[in-house]
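A.B. asks: To start, I am sharing the structure in question, which I have written as C-alpha cells.
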Amino acid sequence: MFYSRQKQKLVRALPIENIVLESDSPALSLPNKELNFPWSILHTAREIAKIKKIDVYAVFDIASRNSGKLFSFKKLKKLLVVWELIERKRGYDLLRKPWKGHH
C-alpha cells in the first residue's frame, strides 16, 4: 500500500469503519520491497493514519472493532460448521483424522 497509488486512493475513499487490518499477505511488501511479516501491520496502520489524518491508535481501535464485526463468533461458528461438513464428505475431521468407518 505504501507505493501503490491505487491502494492509497482506496484508503482515502473508504470510510475508516469499512477498513480492517491484516498481516497475512507476503505479496504486499514494504516500500523497500522486503517480505511482509505480521508486525508489518504497524507500518500499514501508520500509513492509513497519515492518509486519514487520524491517530494511529484510532486506526487500530476502529480496525479492531471492524474485524470483530466481520469475524463475529456467530459467523465463525457457521463457517466452522460448513467446513466440518465439507471435511466429513472428504472423510476427515477438523484435526485431519479419518472418520470412523472411513478406510
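The values are calculated or read from the model by the stated rules, or taken from the named source; none is laboratory data. Small disclaimer: the values here were computed from a predicted structure and weren't measured.
A.B. asks: Every residue in segment 1-28 that is at pLDDT below 85 and farther than 25 Å from Arg65 by Cα, please.
C.D. replies: Within segment 1-28, Tyr3, Ser4, Ala27 qualify.
A.B. asks: Which residue is nearest to the chain's Cα centre (by Cα), if the candidates are limited to segment 71-103 and must be modelled with pLDDT of 70 or more and among the aromatic types (Phe, Trp, Tyr)?
C.D. replies: That would be Phe71.
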